[in-house]
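Single-structure report; data block below.
The values are calculated or read from the model by the stated rules, or taken from the named source; none is laboratory data. Everything numeric in this text was worked out from a predicted model, so none of it was measured. Positions of Cβ are generated from backbone atoms using ideal geometry, with glycine treated the same way; all protein chains shown enter the neighbour counts.
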Amino acid sequence: MNFKPAQFESFCKSPDSAVKCVVLFGNNEGEMSMLQKKCAEAVCGSTDDAFRYSILQMENVSKDGGEVYAEFHAQSLMGGRRVIVVQGADNNLTPMLKAMLPETPSENLLILNSSTYNTKSALITWAKERRDILTVGCYEDREADIMQEAATMLKVKGLSADNATLQVLGARLSPDKRVNQSEIDKLEMYLGERKTVTIEDVKQAVCDTAGANTEDLCYYVAGGEIKKTLDIFDRLLKEGEEPATLVRVTAYHFAKLLECTAKMAAGKSIKEAVAPLRLMFYREPSFLQQLRMWNKEQLLSALSMLYDCERDCKTTNFPADEVASYTFLRLAKFGAKLRKTYG
């Protein structure tokens with residue numbers, strides 16, 4: 001069965017023992033991690049219980065998936081349902097799972113966490129018709145969704161904010177819901193007894209969030225700001241951001257530029273092309289400038305470079321931070337040349 005993340009959160013409140021496997025897939029690694037933890041804790045109480053909670057890395061699993069099979073059928077010495085997580089699961093597990101899950105007598109729960117699966121993967125296609133398997137697609141939120149999510153998080157805490165404040169807050173939050181929840185918690189502590197959030201509160205309490213800084217990184221790269229690109233990339237790494245995540249977010253920014261370029265080629269004005277994005281007022285001038293700088297072919301080349309970079313960050317033996325830094329530097333240098341000509 002296919003579940004949306006919100007549906008799956010409801011499932012986690014009272015997990016159905018008939019469900020033997022949960023597949024979390026997509027590019028929102030923070031949301032996948034959060035849902036994995038919620039589900040595991042709902043089933044086995046605590047992820048610190050070594051008798052009932054086990055994690056396997058896919059790189060340590062053999063071709064036949066024997067390690068997963070053994071863990072899934074093992075029983076806890078202390079009793080109770082166990083949770084087995086496979087991080088980085090891939091299609092090599094599919095044959096074993098198809099053979100094991102339909103007839104398994106085990107009451108344990110298997111959670112697969114994967115950024116390589118997609119809706120067309122063999123496992124996902126097979127699982128969507130089964131009632132003993134849940135598949136949950138986790139994808140990064142668009143800006144409007146982030147703003148709506150922020151409003152919901154504030155409401156849960158009994159806080160309120162006007163639309164202008166929500167826009168500033170949304171711009172400073174990340175596509176990663178786990179990060180956002182932490183920032184909202186920090187904002188609540190900053191407010192104390194107050195219940196109304198102002199723009200100044202957001203600037204004071206949420207000014208150093210990874211979300212705001214990753215957006216800055218995107219604009220610096222596409223805008224040809226070489227020094228600022230390298231400085232903020234280094235800062236984000238020190239704050240714990242993953243290079244592959246930063247590359248993916250930057251690719252999304254270039255994809256937005258490409259989408260607007262296509263609309264303009266179809267006859268729309270630059271303002272009409274940008275309007276659906278609902279850019280923050282202080283971002284719009286830079287975005288419009290970048291649209292004038294980059295053409296379709298250059299944007300396609302940049303996206304290809306970023307996609308290759310993300311793959312290399314995950315699959316090569318080279319340090320991911322160096323791979324990403326080199327790509328950002330190349331793009332920012334090219335952006336600087338464009339800015340001198342068209343900026």
Quiz item: In this structure, is ASN27 in the same structural domain as ASP132 (by TED's automatic domain parsing) and within 20 Å of THR119 (Cα to Cα)?
Solution: yes
Exercise. Would you check if SER286 is surrounded by fewer than 18 Cβ atoms within 10 Å (Cβ to Cβ), at pLDDT 85 or above and hydroxyl-bearing (Ser, Thr, Tyr)?
Key: yes
Quiz prompt | Whichever residue in the stretch 3-46 is among the polar types (S, T, N, Q) and crowded, with 16+ Cβ neighbours inside 10 Å and, among such residues, is modelled with the highest pLDDT | solution = GLN36
Self-check item: Qualifying positions in the stretch 117-163 - in contact with a helix residue (DSSP H, G or I) (Cβ under 8 Å, 6 or more places away or on another chain), part of a helix (DSSP H, G or I) and at pLDDT 80 or above
Solution: ALA122, LEU123, TRP126, GLU149, ALA150, ALA151, MET153, LEU154
Quiz prompt | Tally, over the stretch 11-26, of residues that are touching a residue at least 24 places away in the same chain (Cβ under 8 Å) and either of a type in the set (Phe, Trp, Tyr) or farther than 9 Å from ALA42 by Cα (or both) | solution = 11
Quiz item: Just to be sure, is ALA171 more than 18 Å from the chain's Cα centre (by Cα) and buried (at least 18 other Cβ atoms within 10 Å of the Cβ)?
Solution: no
Practice problem: Would you be able to tell me the number of residues in the stretch 74-131 that are surrounded by fewer than 20 Cβ atoms within 10 Å (Cβ to Cβ), in contact with a strand residue (DSSP E or B) (Cβ under 7 Å, 6 or more places away or on another chain) and within 17 Å of ASP16 (Cα to Cα)? | Solution: 3
Practice problem: Restrict the check to the stretch 82-93 and report whether at least one residue is β-branched (Val, Ile, Thr), touching a Cys at 6+ places or on another chain (Cβ under 7 Å), at pLDDT 90 or above and farther than 23 Å from TYR139 by Cβ. | Solution: yes
Exercise. Check whether at least one residue in the stretch 75-84 is outside any loop (DSSP other than H, G, I, E, B) and not hydrophobic (A, V, I, L, M, F, W, C), and report yes or no.
Key: no
Exercise. Scan the stretch 161-171 for residues that are among the polar types (S, T, N, Q) and under 12 Å from VAL202 (Cα atoms) and report the count.
Key: 2
Quiz item: Which of the residues that make up the stretch 26-58 are small (Gly, Ala, Ser) and either in contact with a helix residue (DSSP H, G or I) (Cβ under 6 Å, 6 or more places away or on another chain) or in a helix (DSSP H, G or I) (or both)?
Solution: GLY30, SER33, ALA40, ALA42, SER54
Self-check item: Set THR315, THR245: member being buried (at least 20 other Cβ atoms within 10 Å of the Cβ) and among the polar types (S, T, N, Q)
Solution: THR245
